[in-house]
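Everything below concerns the one structure shown next.
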Amino acid sequence: MSRSGVYISSIIPGFIGVCVFVFLSQTRNLNAKEMSGFTQNQKTQQNKPDSATIIINKYLAALGGIEKLESIKSLYMEGTINIRGQKAQTKVWTIGNHAARNEFTINGFTNWSITRTDSGWSYNPRRGQKFPEPMTADMIKLSQPGLDVKGTLVDYKDKGYKIEYKGIDQIEGSDVYVIEEKLNESITKTFYIDLDSYLIIRVHTKSVTKNKVTYSNADYSNYKKTTDGYMFAMTVGNINYKTITVNPEINEAIFIPKK
Amino acid sequence: MRKPHLNFLNMKRTSFCFMSFFILSSSLFVSAQQKSPINSGTFDVMQARWLGPGTMSGRITAIVGNPADGKTIYVGCAGGGVWKTTNAGASFKSVFDKYVQSIGSIALDPNDANTVYVGTGESNMRNTVSYGNGMYKSTDGGDNWTKIGLDSTEHISKVLINPANTQIIYVAAPGPLWCDSKNRGLFKSTDGGTTWTQILYTNEKTGCADVVMNPTNPDELVATMWEFRRKPFAFNSGGKGSAMYKSKDGGKTWTKITKGLPEGELGRMALAISPSNPKHLLAIIEAKATGLYCSNDGGESWSKQASTSNVEARPFYFSTIAFDPKDDKRVYRPAFQLSVSDDGGFSFTEASDEGGWVHSDHHAIWINPMYTNQVWLGTDGGVFLSNDRGLTFTFIQNLPVGQFYHVQCDMKDPYNVYGGLQDNGTWMGPSQYFGGVSNGRWRAFYGGDGFWAQPDPTDENSVYAEAQGGEAGRVDMTTGLVVSIQPMQTKNESKNKKFRWNWNSPIYIGAANPHNLYMGCQYLFKSTNQGRRWDRISPDLTTDNKAKEQQEESGGLSADNTSAENHCTIFSVAESPLDANYIFVGTDDGNLQITTDGGQVWNNVSGNIVNCGIPAQTWVSSIEPSRYDKNTLYATFDNHNYGDFNTYVAKSTDLGKTWTRLNNTEFTGFAHKIKEDLKNKNLLFLGTERGLFCSINGGDDWFRMKNHIPDYCPVRDMQIHPRTNDLILATYGRGIMIVDDITPIRNMSLQLAQKDVFLYPMGDVELSYGKFEGGFPEHDGWVAGNSDDIPPIQYYFKKRVMTGDVSIKIFDASGKMLKEIPATKRKGLNKVYWDLRITGPKTATGGTKPDQGSFIAPMVLPGAYTVKLYVGDSTYSETINVIPNKNGKMSDEDRKAQYAAAQKCMQIHEALAVSADSINDVIERVKSMVENDKSNKKLTAFLDTLKSFKSKIMASTQTSIFADEERLREKITRVYATVCFQEAAPTNLELDNIELLSDDVAQSQQKAKVLVKEYDTKWKNKIKPPVTR
């Protein structure tokens, strides 16, 4: 064999092999880049009919599995919020699809809100309120998803929610699956789910009332698995939860508004 | 005899093959591994500030509103994307930041206002027009968009929706400006934009300029076709392809309309159909004699109307005419000015300036069909709103969509930015101001179309600015007076050599010698005394191609020669920061000329550039000589004038003999400017017509910067401030943007990016009480925020932290924790702020009003502090060296006195809190006892005593913020806040007050003990204990 032939016979297979390796290693990055950038048509083409279901199922599995989530009937969550170095306390009691009570305590003042399926009140003594005030019909309507202790993605079909996979985007540098969930004419949630862990990074909520449209974001992190196999985000927005109890006994009296 | 090397190969063939494979594979594997992990998200936290201005906005190309509410309006801009208001202009939100920013047309589904169509690529075909990439659709009111085709049309003039069947959409696409293309004409979709059919097409030079639909019979359409072409040195509007057509079957078949239209070639034709009388149409028809034409038979035949110069003005550029939706006789002609007719277009009057000057040059109009008094007008300077049918207007002040060509900055503190705006002169504004940079802080100081603005570093009162065609002046900023400095021809010049100044002629101040001032036409001129004397230091540096110097013939049917088409001119000039004799010149006809002897000899290196893959003689849009090596330079090249939108940027390390093209799949848009960092030679920034890009490794890898910068923002120029390290952007449609302090980008490297966690060193941090504090917010349109007062704590995560907590704690030198700060967990750079204060005290609780004392804390004293970043089980530490503020007003003694006084206040607050806690607890217990034993008068009296004591130490009666109730707690907070928040030592009376309050607290403590003792001894075990929840 000629000298050049020796070179070629040794180099070409290696070169081809490396090219294949590099190509394969780049493919997923390219897909992510294309989908998040210029070529929206390509993104649409990758919107396969069952993509949303697959992603949601994986998300639910990451949280502990559908059976575990469906077994949640009530929740108690207790945490703190750091406000300029001071710790405010927050407590939330929720009986699924029935009622919820949120308390926020700082410097001896406790603000609270109560949401039921057909009514709601809030009390904010820090602002000088003397008595609990009723929520408007719009506020009650917008608060209803908060009564869903399982999460709105659990059994979304049975609940009548519409799901759409929107492709891959980037949230704070991380590639995410984007799932849009339309609960009703007033509420649309967009879930940004981490590609690797299938855990939610952010939920973006669009709320439409007759007077205005509002947007809010809640960021999720510090995921921890409980001893009984539930995975919870222990940090949501500014709140660091210390305790999350599944299916506690809750006294209904706390859902009755009194000063 | 066998040759040794061949013997070696023969004997070791197998192992040699294996080694070759291994080595090659390894090297490529390693290089794949080391590919930059840095991407758009890495520095996303460094959000750009949108400085504006809003007081001088930018070209508006489309306006459409929701007639159902009259307050939801979409505004499309030439380079500023789409903005939406839902409150009739009280505020706007940018809703198109992920997509191209040049907007041609917007349409709302008449049956569902949440369904919005945007056609990208404005069709006001001036020389600096940008380009689009087709159609977009939103079904949620602009929150999300999907691209729906017609990608290659580049310019869309109208989107029309059939009101009877809103799945039917028509798109008029004039198509590409700079080259032949089949991607033009009239397109139709019958499925809401999913698929498209080209239903009217003439040839590759002719597109569809306009289309109107009979609202009562939507299958009846009239469309105009327009032949046009722009070249870098000429514009032609009009040709055999231009014609008017009518269809009665939704575009299946078309009839050419000629009856009553001008003879000969036609140009651009704008149409309007009266919604209240669809047989009545108007058209501005460009021809040898441009005019206003009227049809009363649905466009079958036309007749010429009398019209004014404004009505006929510049038809290729002013292509809008509209009827009042309810009044067939009321016609609006936005053009150079707004003309209004009340007789169906026979005669016109102009709008009034009573409500304030209305910017000239109009391209968009929307009349609210439910309230026709309301007229929204889109001009070259922004949006105006009328509530009296266009008689008077008010300016919408909160749209920062100015089109800057260039930006410069000075060294004042805070620094000012300077730049020239398309259509709108030259402006300066502060980078920061008290309460934020509002519209009123901007100042216009030169007229015409603005381009380069150069503050003189040797004379803080002088700025060089220009209008189009090189008309430059030296502005005295103290008086506003201007001295012209534009070099003029002299008898020494050839009589036939008229100076050729580019539309955007360079004015440049020497980087090595700031006394050097340069201006370029086809020659380079230099002045060393602020333009008082000029010397020509070059021959003609261009190709001097006579065929490209016939601008007086430019325009086609309508002469249009405003220096926009001037060609064979110098476009970019640069002086090496390392040697003032090294001067670099780039021309619009592709020459890149270099001198190393101050202009004696020039070397044209353009012939070498093509070897790196850049087309020959491509317009040189910028040159950046390196500040690290005088033989190294970077250059950007722009070939879009020939229909080539590729991104061309290259580097030479041998003064232009050889070039390496810098390329990346991420690049989009033709290149405007490359910038080398002032301190890190591997850090490069690239601005293009479609984005801002960054490389941290000398151009090997690039990422798009999207940190509050629209993904495809047109970036024409940029500067890096030498003192603040800010990256300042001149965007062509989003005003000036500033990315504060790029040090984290500068300090990033591929090696660093591989670390899981990295806590950036803090170095020295100055104590600061704030620099640009404001009072009440201004009502002044667009207000940009200021940069951070205090440098943030910055750390890097290779991946987002999904599990485990992240927090930051600050410790003093003794190891005592001063503050805990919530931390972020994003992938890439994170920024968290320590306000240089410790944690506030616990204050007394249980009153009827909240007290802010616990949120107040003093600043730390100068010294070394440790910041610890906790990531799960790992801890990372850095030292922060807190130093006094250089410009501060406090001595060391002042600081110590302040800190001591604050500490005293904290102590007495906490002492009072202890007392209050004990009393609160007793009150609750006694209350319950009283509930159980209401007849016990002594118990009730004791409760009253407790409450009375409590009411002395904190507000316990009033709840309203309008009812003051200052008790001991509130008094402590008042003096405590005073001490903590002022940049001064406490006064003698403040110190005395603290002593007084300290005594009061001590007395309260005693009293509290007495009351608690009374409870313990008299009541605690005597009465049934209370039931607790």
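The values are calculated or read from the model by the stated rules, or taken from the named source; none is laboratory data. As the structure is a computational prediction, the values presented were derived from the model and not from experiment. Every residue, glycine as well, gets a Cβ built from its backbone with ideal geometry; the counts of neighbours run over all protein chains shown.
Checking each residue in the stretch B:954-995 for being assigned to a loop (DSSP other than H, G, I, E, B) and within 30 Å of B:Asn885 (Cα to Cα) picks out B:Gln982, B:Glu983, B:Ala984, B:Ala985, B:Pro986, B:Thr987. Filter the stretch A:172-217 down to residues that are surrounded by fewer than 21 Cβ atoms within 10 Å (Cβ to Cβ) and aromatic (Phe, Trp, Tyr) and give me whichever is farthest from the other protein chains (Cβ to nearest Cβ). Step by step, filter the stretch A:172-217, then rank; the result is A:Tyr198. Taken over the stretch B:591-608, residues that are outside any loop (DSSP other than H, G, I, E, B), small (Gly, Ala, Ser) and either out of contact with any strand residue (DSSP E or B) (no Cβ under 8 Å at 6 or more places or on another chain) or in contact (Cβ under 8 Å) with a residue 40 or more places away in the chain (or both) amount to 1.
If only one of B:Ser918, B:Ser877 is polar (S, T, N, Q) and more than 44 Å from the chain's Cα centre (by Cα), which one is it? B:Ser918 is the lone residue from the list that is polar (S, T, N, Q) and more than 44 Å from the chain's Cα centre (by Cα).
Of everything in the stretch A:75-90 that is β-branched (Val, Ile, Thr) and crowded, with 16+ Cβ neighbours inside 10 Å, the residue that is nearest to B:Phe855 (Cα to Cα) is A:Ile81.
A Cβ distance below 6 Å, combined with a sequence gap of six or more or placement on separate chains, defines the contacts here; from the stretch B:860-876, residues that are under 30 Å from B:Gln982 (Cβ atoms) reach residues that are of a type in the set (Phe, Trp, Tyr) and not in a strand (DSSP E or B) in the pairs B:Leu861/B:Tyr899. Entry remark, the stretch B:138-162: residues being within 14 Å of chain A (Cβ to nearest Cβ), assigned to a strand (DSSP E or B) and in contact (Cβ under 8 Å) with a residue 12 or more places away in the chain number 4 in total. Within the set B:Asp210, B:Asp219, the sole residue that is under 35 Å from the mean Cα position of the chain (by Cα), of a type outside the set (Lys, Arg) and not in a loop (DSSP other than H, G, I, E, B) turns out to be B:Asp210.
Out of the residues in the stretch B:824-842 meeting the condition of being aliphatic (A, V, I, L, M) and surrounded by 20 or more Cβ atoms within 10 Å (Cβ to Cβ), tell me which one is farthest from the other protein chains (Cβ to nearest Cβ). Filtering the stretch B:824-842 for residues that are aliphatic (A, V, I, L, M) and surrounded by 20 or more Cβ atoms within 10 Å (Cβ to Cβ), the one farthest from the other protein chains (Cβ to nearest Cβ) comes out as B:Leu836.
This table checks each residue for (1) assigned by TED's automatic domain parsing to the domain that holds B:Glu263; (2) buried (at least 20 other Cβ atoms within 10 Å of the Cβ); (3) touching a strand residue (DSSP E or B) at 6+ places or on another chain (Cβ under 7 Å); (4) in contact (Cβ under 8 Å) with a residue 24 or more places away in the chain.
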site: B:Ala164; (1), (2), (3), (4): yes, no, yes, yes
site: B:Gln167; (1), (2), (3), (4): yes, no, no, yes
site: B:Gly193; (1), (2), (3), (4): yes, yes, yes, yes
site: B:Tyr201; (1), (2), (3), (4): yes, no, yes, no
site: B:Cys208; (1), (2), (3), (4): yes, yes, yes, yes
site: B:Asn214; (1), (2), (3), (4): yes, no, yes, yes
site: B:Lys231; (1), (2), (3), (4): yes, no, no, yes
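Residues considered: B:Val401, B:Val383, B:Val407. Of these, the only one that is under 19 Å from the mean Cα position of the chain (by Cα), modelled with pLDDT of 95 or more and under 22 Å from B:Ile674 (Cα atoms) is B:Val407.
Looking only at residues in the stretch B:109-137 that are over 23 Å from B:Asp380 (Cα atoms) and of a type in the set (A, V, I, L, M, F, W, C), the one that is farthest from the other protein chains (Cβ to nearest Cβ) is B:Val116. Pairing residues of the stretch B:923-939 that are within 16 Å of B:Phe949 (Cα to Cα) and in a loop (DSSP other than H, G, I, E, B) with residues that are hydrophobic (A, V, I, L, M, F, W, C) and at pLDDT 90 or above, at Cβ distances under 9 Å and at least 6 apart in sequence or on separate chains, gives no pairs at all.
Of all the listed residues (B:Lys868, B:Lys798), the sole one being more than 24 Å from B:Arg895 (Cα to Cα) and touching a strand residue (DSSP E or B) at 6+ places or on another chain (Cβ under 6 Å) is B:Lys868. Being without any contact (Cβ under 8 Å) to a residue 60 or more places away in the chain, assigned to a loop (DSSP other than H, G, I, E, B) and within 14 Å of chain A (Cβ to nearest Cβ) is a condition met by at least one residue of the stretch B:843-853. In the stretch B:418-435, the residues that are more than 22 Å from B:Leu727 (Cα to Cα) and touching a residue at least 40 places away in the same chain (Cβ under 8 Å) reach residues that are crowded, with 24+ Cβ neighbours inside 10 Å and hydroxyl-bearing (Ser, Thr, Tyr) with C-beta atoms within less than 7 angstrom, at least six apart or across chains, in these pairs: B:Gly425/B:Tyr446. In the stretch B:447-473, the residues that are touching a residue at least 60 places away in the same chain (Cβ under 8 Å) and under 20 Å from B:Ser360 (Cβ atoms) form Cβ pairs under 8 Å with partners that are among the acidic types (Asp, Glu) and buried (at least 20 other Cβ atoms within 10 Å of the Cβ), at six or more places apart or across chains, as follows: B:Gln468/B:Asp449. Going by what's in this entry, would B:Lys188 be described as within 36 Å of the chain's Cα centre (by Cα) and part of a loop (DSSP other than H, G, I, E, B)? Judged against the criteria, B:Lys188 is not a match.
Against the list (1) in a loop (DSSP other than H, G, I, E, B); (2) at pLDDT 95 or above; (3) of a type outside the set (Lys, Arg); (4) crowded, with 17+ Cβ neighbours inside 10 Å, the condition B:Tyr418 fails is (1). Checking each residue of the stretch B:631-652 against the condition of being crowded, with 18+ Cβ neighbours inside 10 Å, in contact with a Phe, Trp or Tyr (Cβ under 7 Å, 6 or more places away or on another chain) and among the basic types (Lys, Arg) gives at least one match. Filtering the stretch A:91-132 to residues that are among the hydroxyl-bearing types (Ser, Thr, Tyr), more than 14 Å from chain B (Cβ to nearest Cβ) and either assigned to a strand (DSSP E or B) or surrounded by 18 or more Cβ atoms within 10 Å (Cβ to Cβ) (or both) leaves A:Thr94, A:Ser113, A:Thr115, A:Ser122. Restricting the stretch B:33-62 to residues that are over 16 Å from B:Ile745 (Cβ atoms) and within 14 Å of chain A (Cβ to nearest Cβ) leaves a set whose member that is farthest from the chain's Cα centre (by Cα) is B:Gln33.
Residues of the stretch B:662-685 that are farther than 16 Å from B:Gly586 by Cβ and of a type in the set (A, V, I, L, M): B:Leu662, B:Leu678, B:Leu683, B:Leu684. If you scan the stretch B:564-590, which residues turn out to be of a type in the set (S, T, N, Q), touching a strand residue (DSSP E or B) at 6+ places or on another chain (Cβ under 8 Å) and under 17 Å from B:Lys497 (Cβ atoms)? Result: B:Thr569, B:Thr587. Take B:Gly76 and decide whether it is more than 14 Å from chain A (Cβ to nearest Cβ) and either assigned to a loop (DSSP other than H, G, I, E, B) or surrounded by fewer than 22 Cβ atoms within 10 Å (Cβ to Cβ) (or both). The answer is no for B:Gly76.
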